[in-house]
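J.: Okay, here's the structure, questions in a sec.
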């Protein structure tokens, strides 16, 4: 069984920002996590 990865604040992860509307940047880009591990693990929502 594969365990799921839950990032912590300060981690740099790769996010796919597609699809985009207007003039937003899309594609596969790095993002810095702002929300702490406990929040990400409990809620399942990440704040970048």
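J.: Using a simple spin-label model with points 7 Å from Cα along the Cα→Cβ vector, what separation in nm is obtained for residue 17 and residue 42?
T.: Distance between the two pseudo-spin positions: 3.0 nm.
J.: Per the helix-only calculation at 222 nm, which mean residue ellipticity applies to the chain, given -39500 (n - 2.57) for every DSSP H run of n ≥ 4 and division by its residues, nearest 500 deg cm²/dmol?
T.: -3500 deg cm²/dmol, from helical runs alone.
J.: Out of these labelled values of semi-axes √(5λ) of the Cα gyration tensor in Å, (1) 20, 12, 7; (2) 23, 12, 10; (3) 25, 11, 6, which was calculated from the coordinates shown here?
T.: Evaluating semi-axes √(5λ) of the Cα gyration tensor in Å on these atoms matches (2).
Bear in mind that the values in this text are calculations on the coordinates, not laboratory data. Source: prediction; values computed, not measured. Counting neighbours? That spans all protein chains shown, and the Cβs are built from the backbone with ideal geometry, glycine included.
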